[in-house]
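Structure, as structure tokens:
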């Protein structure tokens, strides 16, 4: 079980108080055990006896309480230093999350941008798949096509009758247009790797994987992520290819 800094401080101070109380009881109990028998509930009227008792109690408990007080001071200083480090770490993680959110916003904008092609490719675009108009739609269409390549021994080739020439032309157009998109993905992957190194929230990292893995698997299947090592390291799109492959019937 992981305790917060406040809980750790409270536990440490409680232990110190318990040790102080135990020391007081132990010192008093030792005195009563040694000098108490035969004189229970009998208080001396001799000031010298009380002086000796005070010297005994003070001589033993003062060093103990002083040591415990010093220990409490050390614990407080250490925990406050840890609290400062924790605050600094939290600030760094929040800044990383802000940068990640900014990059993710730019990625969304690039994915929804219009596909830019020449006249011939524009005609091919209208004949291809579901007539993709945005970068995301074209990435999804071409990526699904590549992932749909039949297994060796597949006999029903009619349903794989894609227009390869049209597809290759659109892939080249996509390659040129997705350069900024892929650079943004590389930047996001770098920030997420740094975030992971700083022990950031697993929920945040899983969210970005859930959000962008499909697009990155399609781009990787099209051979557009071969030099983007940060993307490969964090998102590992090749590992998810089997899950993205369309089912054949």
If each residue of separation counts as 0.36 nm, what is the full-extension length gain between residue 48 and residue 233 once their alpha-carbon separation is subtracted? 58.6 nm
With a Förster distance of 41 angstrom and the Cβ-Cβ distance between residue 83 and residue 18, calculated FRET efficiency to the nearest 0.05 equals 0.95
Students often get this wrong: which residues of segment 185-218 have the backbone nitrogen under 17 Å from the point 7 angstrom along Cα-to-C-beta of residue 144? 213-218
Please arrange 190, 195 by counting, for each residue, the other beta carbons lying within 10 Å of its beta carbon, fewest first. 190, 195
What order, most packed first, do the peptides 209-216, 81-88 have when packing is the mean number of other Cβ atoms within 10 Å of each residue? 209-216, 81-88
Which of 15, 218 has the fewest other C-beta atoms within 10 Å, and how do the rest follow up to the most? 15, 218
At a 10 Å Cβ-Cβ cut-off, how would you order 61, 174, fewest neighbours first? 61, 174
Say each of residue 211 and residue 196 gets a label point 7 Å from the Cα, pointing the same way as Cα to Cβ; how far apart are those two points in nm? 1.7 nm
Gained length - residue 240 relative to residue 30, 0.36 nm times residue gap less alpha-carbon distance: 68.5 nm
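Laboratory data are not the source of any read-out in this text; all were calculated from the coordinates shown. None of these values were measured; they are calculated from a predicted model. Note that we place each Cβ from the backbone using ideal geometry, even for glycine, and neighbour counts take in every protein chain shown.
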